[in-house]
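A short worksheet on the structure shown next.
Please treat every number below as a calculation from the coordinates, not as lab data. Everything numeric in this text was worked out from a predicted model, so none of it was measured. Quick reminder, even Gly has a Cβ in these numbers, built from the backbone with ideal geometry, and neighbours come from all protein chains shown.
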Amino acid sequence: MSRLIIVDQSLKGLGGHHFDYVLQISQAAARRGAEVIVVAHQQFTNHSTLQHYARILPHFRQTTYSRYSLLAGLRAMHRRPALFEEAPPKILVPPDIRPRGVSNSAEDPVESSPQSRPLAALSRNWQRFMERGQYLLRSIRRFASRIQDSGGRARGIQTFSTDCARLFPKLGLLATDHVFFTTINDLELAGLLVYWMGSPESYLPHWHLQFHFDAFRGRTPEYRKQYRTLDPLRCLFEDIDNAVPTHQLHYYATTAAIADQYQRLASHPISELTYPISDAFRLRQTESLRIAPEFDEVHETDLLRASDANFKLAGRLGTTRQHDNPNSLVAAETAISRSTSENFPTPNLWSPDATGIPIVVAGGVRAEKGQKGLHEIWTELHQQILAPGLGFLVCQRKENPKWYQKRFSIKSTRLADTDDHQVQYLPHPLSTPQYQELIRRAGIGLLTYDPNSYANRRAGIFGEYLASGVPTLVPTGTWMADQLATYQFNYQQQLLREHSSNVCWSHSDFDWTPWNVPTGSGGITFDGNDVPAYAWSPELPPDPLVDSTHRLLSVRFHWVWPKEAGTYCRIEILFYDKQRQVIGLDSSSVGQQHPNTAQMALFRIPAHATHFRLGLKNGFHDRNATIQRLLVDVMNAGQDVPIGTVGLTYDSLAQIPARLTELCTHHDHYRQTVRQIADAWFLQHDPTATVAQLFDTQSQTQRWVA
């Protein structure tokens, strides 16, 4: 029997996606007939359903979320500056402080006489003294920070290496074993290398290492200036290839974009590993959902709300523990059938007094997830969504936050008590059945994630929404928005074909301002400045239905440069009436998901609009970009047509209320379209496929034979 040793050093307890990820892999591997061992953080409690599928060993002393890591994703999580923005590790004298004996330059102001202005000279000298002191103090702090980081990195590597050296000899590694690190950073990779070099038996099993956090900051056009700062990581990959050439190593990443990042630094192949989603989120159940009889929702909820100290395990690594045989477990499971999510037994997750569509903000409150940004748009959310009863917010947050954490709350104290039920809170984490039901019962999934942190990273909640048939609202320029782009492109192309006879206005020859000149091929160049390249439209044809908003504006173009992914054309539209007063504005960011085809964005034209101003800019950085064959069409659909499918994206928080209004108004359409792709989405993320990819992989290196 093969063994799958799942290592997640950040797994501390129930709830969250660390626990869910390990649970899905363990279940799939157990059903395959493998023996599963889960190695978690030493604080993990063994009182969970995970113990029915795997032997659990609380062991590691540190998590993968190290503040000393070089990875851009982890540095951003700790709000640390990018490496290439830090000053060199030495104290420099500022250039404006000249040593003695150096005369003033010609550009310096001429002073009449130092004796004639003693107070001015004293003030000037004191200011220079303070500037010098502040500069030297900042330099010393940066230098001390570098020393601290160096010591912290060394301790992190040593601690992880020691933990591995204590763990794997006691497990007795075999040639049929597969060791899978669900998430690993650069310090842990270096610690593994130290362990491998000191443990001859470590060449026996297959080692599967997965990267989840970005190595580079930003998007592809921004990678070039970061290569030098990531030389330590590149050298680490080279050292691994040279030091342990006989080891069977397999590198993975959670998305194709992150795999591309690490492939730029490593010569070893790095592939995207199928990300597992629980079959509990599957919209269409092909067979009965089987749940272990020992699974007790009430018991798990009690554990979540209890202190971890009450459930510390007395035993540690090496002690004998009773655990279920995976083969007998699967055979003895009691079937609990459900054909759809509606007939699954559920608790009352929110008050029945709430009116409208449930808009769910799931997951823990974290800076990079941006939930607190909803404060900025509270007035608009209340006026457009909550007060009219279009929808109500359901947000997760910690039930008992620590003393230094601000309680996440977007309720306004000025609101009447009758509005309280329109914003409701659930604890984080929930028990597994409660969380699953929260996702399945959501009407709209709202993700306010930081677009820079999640430009390439996968969001597990997003995948669960799609598998459950829930339309989502996500920020543009992220991995999530790129997944929606294909569905949006196909829908908008179909909409344009169906209403081609209703196109009443087309224009392509715009006079662009202020500086970019069309090339001979009709290209339009723009950058990421605050003032975009813009052009005024000729007068739109009069709308026979003055009070109607059935007119749609389509913007199509072809990309010319750059060819690489990661550049987005942000199209900004301002609509004006006859008096040239702004009566509406909107924007949409279009990427390069479909090369050699026309990219497209769709906007709804407000009533009484007679002109518009079209603006183009680079959505996320200042680099120039060029498009060509720009064509703007206006069509009168004759009915209130949705402008998207499956879900929508937004460029800024200010757009969220309008996007939610669109999703709520046409909720049946968005719900139906996302349900059409839900089953295909789950099949692409079936945990069985993940485990098969791990077990069926072949070694990428030639094993040395004595």
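Before moving on, here are some points about what is shown:
- Alpha carbon centroid spacing (whole Å) that separates the stretch 634-698 from the stretch 206-276: 30
- Average Cα contact separation per residue, the stretch 500-640, under 8 Å, 6 or more apart, as relative contact order %: 41
- Charged side chains reduced to their Cβ positions (Lys and Arg at +1, Asp and Glu at -1) give the stretch 500-640 a dipole of some 220 debye around its Cα centre.
- In a DSSP loop and with at most 11 other Cβ atoms within 10 Å, the trypsin sites (Lys or Arg not before Pro) in the stretch 531-637 are 563, 578, 580.
- Kirkwood Rh in Å, taken over the stretch 153-261 so that all alpha-carbon pairs contribute: 14.9
- The chymotrypsin sites (Phe, Trp or Tyr not before Pro) of the stretch 140-249 that DSSP puts in a loop, and whose beta carbon has at most 15 other beta carbons within 10 Å, are 227.
- log₁₀ of I(q)/I(0) at q = 0.09, 0.14, 0.16, 0.19 Å⁻¹ - the stretch 500-640, Debye sum with one point per alpha carbon: -0.27, -0.64, -0.83, -1.12
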